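Notes to accompany the following structure.
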Amino acid sequence: MSATKKITIGTRGSRLALAQTNLVKERLMEAYPDVEFDVKVIQTKGDKNLTQPLHTIGGKGVFVEEIEEQLKSGQIQLAVHSMKDMPVKAGEGLIFANPWDREDARDVLVLRDAKSLSGLRKGARIGTGSLRRGIQLKELRPDIEIVGIRGNIDTRISKMETENLDGIVLAAAGLHRLGLKEHIAHYFSIEEMVPAPAQGILLLELSADNTELQMMLNRLSDERTTKICQAERTFLAKMEGDCHMPVGACCIYEKDSYKFYGAAGGMKDSSLKRVQLTGDDPVELAIEAAKTLREEIAGKVFLIGAGPGDADLITVKALKVLKNADCVIYDRLIPKALLNYVPEDAKKVYVGKANRHHTMKQEEINRLLVSMALKYKTVVRLKGGDPYVFGRGGEEALYLKEHRIGFEVIPGISSAIAGLAYAGIPITHRGISTGFHVVTAHGFGQVQGDSNNTTGTPSANDAMGTPDALSHLDFKSLAKEKDTLVFLMGLSMLSHIAKNLLKEGMPEDTKVAVISHATTPKQKTVTGTLTSIVSKTEEAKLTSPAMIVVGEVVSLREHLAVFEKSSLFGKHVVVATVGREENLLTGQLTEKGCLVSHISTGRICEISLKDAFADVMGADWLLFTSKNAVTAFMHQLSVHKKDIRNITANIAAVGEKTAGKLKEYHLYPDFIPAGKEYSARTLGEGLSEQLSLADKVCHVKAKNGAGDLEEILASKCDYTTVSVYENKENDEKELQKELAQAIDYGKTDAWVFTSASSVNRVFKALSDKEKDILRQSPCFAIGEKTKEALAKQGAENVLQSEKASLASLAESVVGYLSNQTEE
């Protein structure tokens, strides 16, 4: 090795990262004294953001991306990482050297005051950023409260004081390398807490073409550590493990054999399944351990048909599963409103396909289903139409069975049936058609759409738009059929379908219908004959998704079509609310045929009442000014095990809807303001007449809520407030995306706002041009505050509902749109 040779080692800048890198550097300098080694500190995305949980900013990969970029560019030649924090496979163009000897693999407990695990007080607060550590610690001490923390070792130790923690769990290896053994109060045995795979092993990463450096590093490797590391990392790979999943593995060599400890669980599990195996081949032990644990922890995958487009056409059984899903993997053409039923904390993964632009290939989707089933108990694969009708659901089911993952299929209503019905075309009819044939206009497997829902149109240069794409169809047999023919995924092939049927002898006057966006408020239907349907469809400018119906049943449409004659059919309304749950307003508009773009501007987040119950229990009056306040308040009583019988206060509600929510809990308000206007001001003015200065009044409200009540009641009584929930703003980019989709639809007949916060968030997210359009559009406000917010934003055509309720708001919007339709 030349004396002028220089190797730069890249690392993060934390004290531990530098200590580990210097250990590597010193050993290399000792082994290769003629080579110059230096260290370069690189700041990563993970180092810049120390507040958010890892899984929300990209997982453990956020600590290596910048370092790997410098490896690829040649700015550094070697990178040092903790192997437990790295993926199993190296990135493109990179390799891992064989590992050197291992430090202590165990996890340890660092305590502030107590001397041992058993000496911890009941209910002690222990900090850890690891789900694996937290679950295992709760198994040992169920009374302990786990507090999520992030940061380097020094930061975590300091948080015992700043965040009032009784202790933290760390890796022994890190403390050893920093010379901080004196902080360790307890070493967890492998049986007590199975560590992370490869914990205590350093990973040396380099460019794949740097064979000389690879040889230098491998000369210093440890053969037994290499075998152990391979086994633990194999286990991690077989378990589909990542930073979201609690997985532990540790392989130990003792008495001329290997003992393998494996542990794993789902994202919401309260305990981990464990396995211990002994043998001569550590990798084989790892594979067998993974096989055993996969079967024990795997959840269940539900292949659900979402129906043809109308969200209300999903089955009752499917909806029940969807409401309890832990993870939902969904396609492009599912009714997006169905996602509103998914629990807010559930993982949602989009895998849609359109015009050969696939978010994921089918093979990747198959693997994703298995991976998610190992992390979550209830996984939903939500597919348009029915999973087994041109939807590759069968392939997914076979893959799940092959990998020993339990599954269940919940059929969906096929567009081949429902799309025709909504267009007023029965697929069979006595005396006209006694059967039907449903085919895909593209060779099945050539183009994959979203289940049996009709998919997008291929481009003009796409082979799918040529007659060859129909080679799988027997037009000679189809042309002789008297039964109804339904072609899915066929808009771009319409002329070829008509020509082939005519060529094989089907009569020219055979009835044909093309249904675009079936079962949705965007539905549009064109009818004709085999000779006229192409020109009529082009003239109507129908767009995908669309389906083609051939047969005499089409003639019944003029008598049976009712859906497209709904009173407000074709009207487009944007409804901006806090939360995604469908409500009375959106329901009424949809029932009357409106296309509703439901925009969520925020979400309701509960605030703990742990330290506020003295004010609640000692109050003479409890005031509720929203349904959300009631829901959050009652949930907090349950969380903190407070008996509702201990509440002796009178109760006041701002209006009938809030009163209705109280009644669900068998609480009947003693006061509701009279009149049509429901607001905090009317509540305060009406209630003030009944209060004395000695009365203790507690207002249960939203954080940063309006101060009208305080302004009115502060001088009339002993007035206090408790915040039980917060209206948190959604991510602005997501809001902009939702608004863009709504605006792209075209003309908007009305904008509807259910809160002042929604008004401000929508205007904030729009471009100047879009704001000007909104200002000139009809805007509906639920109450005075919302009306004032719209006026402040410059809206020129603001209409306020008679009462501050969704029912009154719905009545106002429907009345306005009905008048516009008549005009």
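Observations, loosely collected:
- For the chain, share of DSSP beta bridges that run antiparallel, in % to the nearest 5: 45 percent
- The residues of the chain expose on average 45 square angstrom of accessible surface per residue, using a 1.4 Å probe on protein heavy atoms.
- R132 contributes about 20 Å² of solvent-accessible surface, heavy atoms of the protein only, 1.4 Å probe.
- For the range 604-678, the share of accessible area belonging to carbon and sulfur comes to 48 percent (1.4 Å probe, ligands and nucleic acids excluded).
- Heavy-atom accessible area with a 1.4 Å probe sorts I7, I712, largest first, into I712, I7.
- Take every DSSP beta bridge whose two residues both sit in the range 257-347; close to 90 percent of them are antiparallel.
- The range 176-283: trypsin sites (Lys or Arg not before Pro) in DSSP loop, at most 16 other beta carbons within 10 Å: R219, K255, K268
- Spacing of the modelled spin labels on E284 and D38, each 7 Å from Cα toward Cβ, amounts to 5.1 nm.
- Cα centroid separation - the range 710-750 against the range 565-639, whole Å: 10 Å
- Given K383/K663; K89/K268; K353/K592; K159/K610, the pairs whose alpha carbons are separated by over 29 Å: K383/K663; K353/K592
- Alpha-carbon centroid distance for the pair the range 476-545 / the range 128-198, whole angstrom: 66 Å
- Between amide H atoms placed 1.01 Å from N, distances below 5 Å from A185 occur with L109, V110, L111, all of them 5 or more places distant or on a separate chain.
- Under 5 Å from the amide H of K347 lie the amide H atoms of C327, V328, each residue being 5 or more positions distant or on a separate chain, with H modelled from the backbone and absent for Pro and chain starts.
- With a Förster radius of 51 Å applied to the C-beta separation of S567 and K696, the computed FRET efficiency comes to 0.50.
- In this calculation the C-beta distance from D772 to N704 is compared with R0 = 30 Å, giving a FRET efficiency of 0.55.
- When each of the peptides 26-32, 76-82, 408-414 is scored by how many other beta carbons lie within 10 Å of its residues on average, the order from highest to lowest is 76-82, 408-414, 26-32.
- Computed from point charges on the beta carbon alone (+1 for Lys and Arg, -1 for Asp and Glu), the dipole magnitude for the range 669-823 about its Cα centre is near 300 Debye.
- Using a simple spin-label model with pseudo-atoms 7 Å out from Cα toward Cβ, K115 and S818 lie 8.1 nm apart.
- Computed helical MRE - 222 nm, the chain, DSSP H runs ≥ 4 contributing -39500 (n - 2.57), nearest 500: -9500 deg cm²/dmol
- Measuring between their Cα centroids, the range 212-254 and the range 765-814 lie 60 Å from each other.
- Heavy atoms of K663: accessible area, 1.4 Å probe, square angstrom to 10: 90 Å²
- Between K733 and M29, the C-beta separation translates, for a Förster distance of 35 Å, into a calculated FRET efficiency of about 0.15.
- For the range 686-704, backbone nitrogen atoms closer than 20 Å to the point 7 Å from D611 Cα along Cα-to-C-beta are found at 698-704.
- Three-way shape call for the range 732-776 based on the alpha-carbon gyration tensor, with the a/c threshold at 1.5: rounded
- Accessible surface for F390 stands near 40 Å², nearest 10, in the context of the full protein assembly shown (1.4 Å probe).
- The computed Cα Rg over 2.2 N^0.38 Å for the structure shown corresponds, within (1) 0.97; (2) 1.14; (3) 1.06, to (2).
- Net charge of the neighbourhood of Y725, taken over other residues with C-beta under 12 Å away and scored Lys/Arg +1, Asp/Glu -1, is +3.
- With contacts taken as Cα pairs under 8 Å and at least 6 residues apart, the chain reaches a relative contact order of 7 percent.
- Nearest-20 debye value, the chain charge dipole, Cβ charges on Lys, Arg, Asp, Glu: 620 debye
- In sequence order, the range 745-756 has phi-based couplings of 4, x, 4, 10, 7, 6, 10, 10, 10, 9, 6, 5 Hz under the Karplus curve 6.51 cos²θ - 1.76 cosθ + 1.60, θ = phi - 60°, and Gly or Pro positions carry x.
- With all protein chains in place and ligands, DNA and RNA left out, the 1.4 Å accessible area ranks E784, E182, E65, E726 as E182, E65, E784, E726, largest first.
- Straight-distance candidates among the aspartates and glutamates for linking to K476, with alpha-carbon spacing under 12 Å and chain neighbours fewer than 8 residues away dropped: E504.
- Protein accessible area in the range 708-823, 1.4 Å probe - carbon and sulfur %: 42 percent
- Added length on full extension, which subtracts the Cα-Cα distance from 0.36 nm per residue, K6 to I644: 222.4 nm
- Point-to-point label distance, D620-E254, nm (Cα→Cβ direction, 7 Å offset): 7.0 nm
- The protection proxy used here, the mean number of other Cβ atoms lying within 10 Å of each residue, ranks peptides 186-196, 397-407, 367-377 as follows, highest first: 367-377, 186-196, 397-407.
- Among 323-330, 291-298, 209-216, the order from most to least packed when residues are scored by Cβ within 10 Å on average: 323-330, 291-298, 209-216
The values are calculated or read from the model by the stated rules, or taken from the named source; none is laboratory data. Remember, predicted model here, so these are calculated numbers, not experimental data. Cβ atoms come from the backbone with ideal geometry, glycine included; neighbour counts cover every protein chain shown. Accessible surface is based on the protein model in full, side chains and every heavy atom, while ligands, DNA and RNA are left aside. Shrake-Rupley method; radii C 1.70, N 1.55, O 1.52, S 1.80 Å.
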